[in-house]
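S.K.: Below: one structure in structure tokens.
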């Protein structure tokens with residue numbers, strides 16, 4: 001799968017679907033990004049070159065400013081909102097995102113949420129046109145169920161759907177029932193968002209004494225922080241990469257240090273099997 005070696009450590013890389021392209025297993029989400037470029041630039045230094053944004057985040061311009069001059073070194077993902085899923089609107093939204101990001105091509109263009117109004121065939125028809133025009137490299141979805149993912153791929157035909165960005169963490173494991181196995185079987189990369197409970201780990205552990213005790217025990221044995229253990233747990237599955245969000249450079253350092261090592265099978269199992277309550 002490969003890895004990126006930096007002065008500070010190692011960033012493990014994973015395949016992006018069937019594309020032959022690899023992504024860092026720890027990237028950077030930019031929901032609520034404050035516009036400061038230092039975080040995005042530090043991510044690149046540490047190998048977390050996958051930067052995820054969306055038109056609805058209102059952070060594409062900030063991302064574009066941060067990557068200016070080095071955009072070719074990053075892998076940039078953004079998303080089109082359901083309100084723009086009509087054919088012409090998809091094309092216009094992509095052009096707007098390209099302009100804000102200051103790039104000629106979006107690496108990964110994703111549907112942000114499923115639409116109950118607009119036929120997926122119409123939307124995916126426009127998405128394929130963007131790939132054919134060279135404005136987009138790869139296509140993905142976000143917050144799609146197995147059935148919705150199947151419909152999206154059917155509408156794409158021979159063009160592969162390479163990713164599904166969904167909520168996934170030790171605290172929210174709903175995708176393990178159906179979606180994660182489906183994506184693994186069909187070479188669809190799972191991009192896990194909110195792997196650290198949106199930075200509210202203490203809140204997520206509240207009233208979960210057993211899980212708290214197990215997590216802290218694993219931290220003590222590994223010499224890692226809670227965030228690092230939680231991120232490492234999340235990306236242990238070969239189909240999963242994750243995009244923790246932060247506005248602090250020191251948190252980028254901490255999060256990226258979750259790569260380059262692995263929990264033991266015993267540690268992973270005890271975390272996974274503990275009844276937190």
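The values are calculated or read from the model by the stated rules, or taken from the named source; none is laboratory data. Note that the structure is a prediction, hence the values are computed from the model and not measured. When we count neighbours, we look across all protein chains shown, and the Cβ atoms used for this are built from the backbone with ideal geometry, even at glycine.
S.K.: Report yes if residue 43 is in contact with a strand residue (DSSP E or B) (Cβ under 8 Å, 6 or more places away or on another chain), crowded, with 18+ Cβ neighbours inside 10 Å, assigned to a helix (DSSP H, G or I) and without any contact (Cβ under 8 Å) to a residue 40 or more places away in the chain, otherwise no.
M.R.: In short, no.
S.K.: Against the definition (within 21 Å of residue 194 (Cα to Cα) and either touching a helix residue (DSSP H, G or I) at 6+ places or on another chain (Cβ under 9 Å) or surrounded by fewer than 16 Cβ atoms within 10 Å (Cβ to Cβ) (or both)), how does residue 170 come out, yes or no?
M.R.: Taking the combined requirement at face value, the residue satisfies it.
S.K.: Moving on to the next point. All but one of (1) buried (at least 22 other Cβ atoms within 10 Å of the Cβ); (2) closer than 28 Å to residue 35 by Cα; (3) free of Cβ contacts under 8 Å to residues at least 60 places away in the same chain hold for residue 230; which doesn't?
M.R.: Failed condition: (3).
S.K.: Further question on the same structure: Run residue 32 past the list (1) touching a helix residue (DSSP H, G or I) at 6+ places or on another chain (Cβ under 9 Å); (2) on the phi < 0 side of the Ramachandran plot; (3) touching a residue at least 12 places away in the same chain (Cβ under 8 Å) and report the number of the one that doesn't hold.
M.R.: (2)
S.K.: Do we find that residue 189 is touching a residue at least 24 places away in the same chain (Cβ under 8 Å) and over 30 Å from residue 17 (Cα atoms) in this structure?
M.R.: When the stated conditions are applied, residue 189 does not pass them.
S.K.: Report yes if residue 101 is modelled with pLDDT of 95 or more and crowded, with 22+ Cβ neighbours inside 10 Å, otherwise no.
M.R.: Yes.
S.K.: Six or more apart or on different chains, Cβ atoms under 6 Å: show the pairs whose first residue is in the stretch 246-259 and in contact (Cβ under 8 Å) with a residue 40 or more places away in the chain and whose second is surrounded by fewer than 16 Cβ atoms within 10 Å (Cβ to Cβ) and part of a loop (DSSP other than H, G, I, E, B).
M.R.: 247/34
S.K.: Might you check whether a residue that is free of Cβ contacts under 8 Å to residues at least 24 places away in the same chain and closer than 19 Å to residue 54 by Cβ occurs anywhere in the stretch 99-111?
M.R.: yes
S.K.: So for the stretch 64-83 (the condition being part of a loop (DSSP other than H, G, I, E, B), free of Cβ contacts under 8 Å to residues at least 40 places away in the same chain, in contact with a helix residue (DSSP H, G or I) (Cβ under 8 Å, 6 or more places away or on another chain) and under 23 Å from residue 143 (Cβ atoms)), does at least one residue qualify?
M.R.: yes
S.K.: Which of the residues spanning the stretch 158-167 are in contact (Cβ under 8 Å) with a residue 12 or more places away in the chain and surrounded by fewer than 21 Cβ atoms within 10 Å (Cβ to Cβ)? Steps first, answer last, please.
M.R.: First pass over the stretch 158-167, keeping only residues in contact (Cβ under 8 Å) with a residue 12 or more places away in the chain: 159-167.
Answer for the stretch 158-167, where residues must be in contact (Cβ under 8 Å) with a residue 12 or more places away in the chain and surrounded by fewer than 21 Cβ atoms within 10 Å (Cβ to Cβ): 159, 160, 167.
S.K.: Exactly one condition in (1) over 20 Å from the mean Cα position of the chain (by Cα); (2) closer than 24 Å to residue 35 by Cα is not met by residue 248; state its number.
M.R.: Unmet condition: (1).
S.K.: Let me ask another. Can you name the residue in the stretch 138-155 that is closer than 19 Å to residue 18 by Cβ, free of Cβ contacts under 8 Å to residues at least 40 places away in the same chain and in contact with a strand residue (DSSP E or B) (Cβ under 8 Å, 6 or more places away or on another chain) and is also surrounded by the most Cβ atoms within 10 Å (Cβ to Cβ) among such residues?
M.R.: 141
S.K.: In addition: Restricting to the stretch 84-94, name every residue that is surrounded by fewer than 20 Cβ atoms within 10 Å (Cβ to Cβ) and either closer than 19 Å to residue 140 by Cβ or modelled with pLDDT under 95 (or both).
M.R.: The answer is 87, 89, 91.
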